[in-house]
Amino acid sequence: MRALYASPVPNPFIAMNELLHKILQGVDPAAPGAFWKLLRNMLALVPWWPLIWFTIACTVIGAAIGWWRGRIGLGIALGLVVGPIGWAALWALPPGRYGPARQRALDRAAKLDRPA
């Protein structure tokens, strides 16, 4: 029984209890504005800068893939909204009217149509 408490693996119940304590700090659950105080306390625990940089990186990579596929607007939108899942969606879609991917597809089709 003693080995259970001395485990190097953190106990999820203790971690959850600590999070609840941080969220409920200075909040009276019966007060009228308790919801907004709880929400403010929860949002204070979120690491915002890494999330913002991840979103910017996903948008830039989505724009680059969108440029390659000839769908830059869609690439920016998908990179911003769904991140890496949007990148896969861009690769699954056919090339747009412009861009290097469309040019490669046209060159490939021209080579197949030429008689040898």
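Figure legend: label point modelled 7 angstrom from the Cα of residue 21 along Cα→Cβ; residues of segment 44-69 with amide N under 17 Å from it are 45.
Principal axis extents of the Cα atoms in the chain, from largest to smallest and rounded to whole angstrom, are 79, 44, 20.
Return 71, 102, 108, 97 ranked ascending by Cβ neighbour count within 10 Å, so the fewest neighbours appear first.
Details: 71 24, 102 17, 108 10, 97 7.
Ascending Cβ contact count within 10 Å gives the list 97, 108, 102, 71.
Using R0 = 22 Å, the C-beta based FRET efficiency linking residue 53 and residue 82 works out to 0.80.
Counting only alpha carbon atoms, the long axis of helix 34-44 and the longest principal axis of the chain meet at about 60°. Helix 48-69 and the long axis of the chain differ in direction by around 10°, with both axes built from C-alpha atoms. Report the Stokes-Einstein translational diffusion coefficient (µm² s⁻¹, integer) for segment 44-83, Rh taken as the Kirkwood radius over Cα pairs, at 4 °C with viscosity 1.567 mPa s. For the chosen part, D equals 128 µm²/s. Under 10 Å, Cα contacts only: if you run a Gaussian network model on the chain, which one of 39, 80, 90 comes out with the highest mean-square fluctuation? Residue with maximal mean-square fluctuation among 39, 80, 90: 39.
Read-outs throughout are calculated quantities, based only on the coordinates presented, and are distinct from any laboratory measurement. Not measured: the values here are computed from a predicted model. Here Cβ is always computed from backbone atoms with ideal geometry, including for glycine, and neighbour counts include all displayed protein chains.
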